[in-house]
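So the structure is just underneath, and the comments pick up after that.
The values are calculated or read from the model by the stated rules, or taken from the named source; none is laboratory data. Note that the structure is predicted; figures quoted are calculated from it, not measured. Using ideal geometry, Cβ is built from the backbone for each residue, glycine included, and neighbour counts are taken over all protein chains shown.
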Amino acid sequence: MSTMISASSPPRSVPLSTRLVVLFGGTFSTFGWFFFGFGMFFVWAMGVKGDYTSAFVMRGKLETASAEVTQVDSTSYTEGGGRHSRGVPIYAYHYKFETGGTGFEGISYRTGRIGKKPGGHMTVEFPAGRPDRSRIQGMRRAVFGPSVAMVFLFPMVGLGVVLPGLWRGLKNIRLLANGEMAEGRLVSKTATNVQVNKRTVYELTFTFCDSQGQVRQASTKTHLPERLEDDRREVLVYDRNDYKYAALLDNLPGELALTERGEIKPCRFGAVLKVILVLLLVWSAVAGGFVVKLFQK
C-alpha cells in the first residue's frame, strides 16, 4: 500500500462494499461461516431428529401395555455404513394401544427391522399416568439416539468464530468512519504458537504519533506479515478516546486503499463477490438442511 498523502477528517464515508467485506470477510470469518452453515445443514437434517427426552421422560417405574403394530416403514435414514456400504436402515413402527379405557397411538424407531408385521403385538412402556409418552420396549422415540447431538458442535464452533469476527468487523467499520488516521512504523515482530493454513501467526507492533503528538503503540496478529512489511510505514486508524483500539488498513479484509485525499476507496469487485458467494453458500446449506427436515421421512 502506498504511503498516505493526506487524511480525511472523521466522520468519513465508508463505502458499502467496504463495510460488507470488513464485516463478513477474512480467513477466520470465512472458516467460521462454512463451519456454521454446513453444520446447520446436519442439525436440520439429523440433529433435530434425535431422542433427547427419553432419558428424562422414561425414568422411575414404567407402566406397560400390549400394543398392536399398525404399520412398519423404512425411513430415509441409516446408521453405520461407510464409503462402500449404505448402512443399516432405520425403521419406524406405528402402533396403537389402550389403557384405562382410552386409546393411544405412537411411533417408535429402531435400527434394523425385526420380524413384527402390521397386526402383530409388542409391549409398550410409558411413565406412570402418562401413556401419551410411550415407546415400544427396546426402541426409541425419535429417528436417532441422543448421540446424534454431536452434530450441534459444528455450528457452535462456527458461531464461536463468526460472532467475534462480526464484533471485530463492526469495531473496524466504526474506526474507519470515526477514527483518526496515522502512519505506523513496525518496531517488533513476534511469532506465536498459532498457525493458519500452515503459516505461523505473528504479532506485529507499530508505533505512531497521535493527533496530540504523543507516541502510541498498536499491535495486530496476522499469518500474512508480509502485507504489513512491504512499506516503511503503514496507514492505521485509531480511536482517539481509547488508543488500544486501532486497525492497520493492510491487515483488514479486502485490501483497503485510500485516495490521494485520504478517503477510503470501495473494495475490489472480486473481494465483494467472494464474500457474497460465501454467504450464499452458507445460507443455502442452512436452507437445504431445513428442506431435508421437512420432506425426508
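Looking across the range 62-88, the residues that are touching a residue at least 40 places away in the same chain (Cβ under 8 Å) and not acidic (Asp, Glu) come down to Leu62, Thr64, Ala65, Ser66, Ala67, Val69, Thr70, Gln71, Val72, Thr75, Ser76, Tyr77. Once the range 225-241 is narrowed to residues that are among the acidic types (Asp, Glu) and touching a Gly at 6+ places or on another chain (Cβ under 9 Å), the residue that is farthest from Ala177 (Cα to Cα) is Glu234.
Among residues of the range 1-26 that are of a type in the set (Lys, Arg), those with a Cβ under 7 angstrom from a residue that is at pLDDT 85 or above and not in a helix (DSSP H, G or I), sequence gap 6+ or separate chain, pair up as Arg12/Ile264. Taking (1) closer than 22 Å to Ile136 by Cβ; (2) surrounded by fewer than 20 Cβ atoms within 10 Å (Cβ to Cβ) in turn, Tyr93 satisfies each apart from (2). Looking only at residues of the range 206-238 that are assigned to a strand (DSSP E or B) and among the small types (Gly, Ala, Ser), we find that the one that is surrounded by the fewest Cβ atoms within 10 Å (Cβ to Cβ) is Ser219. Is it the case, given these coordinates, that Arg59 is free of Cβ contacts under 8 Å to residues at least 24 places away in the same chain and exposed (fewer than 13 other Cβ atoms within 10 Å of the Cβ)? Taking the combined requirement at face value, the residue does not satisfy it. The set of residues in the range 239-286 that are of a type in the set (S, T, N, Q), assigned to a helix (DSSP H, G or I) and farther than 17 Å from Gly26 by Cβ contains only Ser284. For the range 173-205, the set of residues classified as under 27 Å from the mean Cα position of the chain (by Cα), surrounded by fewer than 18 Cβ atoms within 10 Å (Cβ to Cβ) and not basic (Lys, Arg) consists of Thr192, Asn193, Val194, Gln195, Val196, Asn197, Thr200, Val201, Glu203, listed by residue number.
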